[in-house]
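Throughout, read-outs are computed from the coordinates displayed, never taken from laboratory work. The structure displayed is predicted, hence computed values, not measured ones. Cβ sites come from the backbone with ideal geometry, for glycine too, and all protein chains shown count toward neighbours.
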Amino acid sequence: NSTLSKSNYPSSGHHSLCSTRPLAQSARKREAKDLLHIQGWIQRVDEIVQRGKNAYLADILLQEAGDSLMMKLGEAANRLSRAGVLAPEGIDWALAVANRNFIIHQYDAINRAITWQTLSVDLPEWRDSLLQLFADADSELTDEADEADEADETLRPKDM
């Protein structure tokens, strides 16, 4: 039932889509997509937080939306961890996975003060810590799209 902050954990300080082992291009693409999903979900978390703590505590739909986002973040963290993507400073994939599991399996024991803390403090810190990985992921997918466009150009008739 803890928050996602990793301030008490040592960090590798590693910021890259590079993992602990060589990756096939399709694996990097999957990891890039997972990272960009995380980026989008954190943007949605920001929308919940902008409404304020009182609105969050009073609105079951906002609470459920926050839970859903934290579960998705935990699952994406699990995928990235299994793929060997090193978490940057301030992030522990295992804490996100544990948070996901708690929300799913202990849904009747969720403490809304703690989920608010996770949404309003911990996840904005995640966003800041993940900025470089988000940029790497965006570049990975942009480079792939550019390569596909170049391949299409070579297949087109010259007189077009």
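Which parts of segment 116-145 would a label at Ala55 reach, counting a residue when its backbone N lies under 15 Å from a point 7 Å out along Cα-to-Cβ?
Backbone N within reach: 120.
Give the average over all directions of the projected area of the C-alpha convex hull of segment 26-155, one decimal, in nm². Can you show the working numbers first?
Values: hull surface 35.9 nm².
Projected over every direction and averaged, the Cα hull of segment 26-155 covers 9.0 nm².
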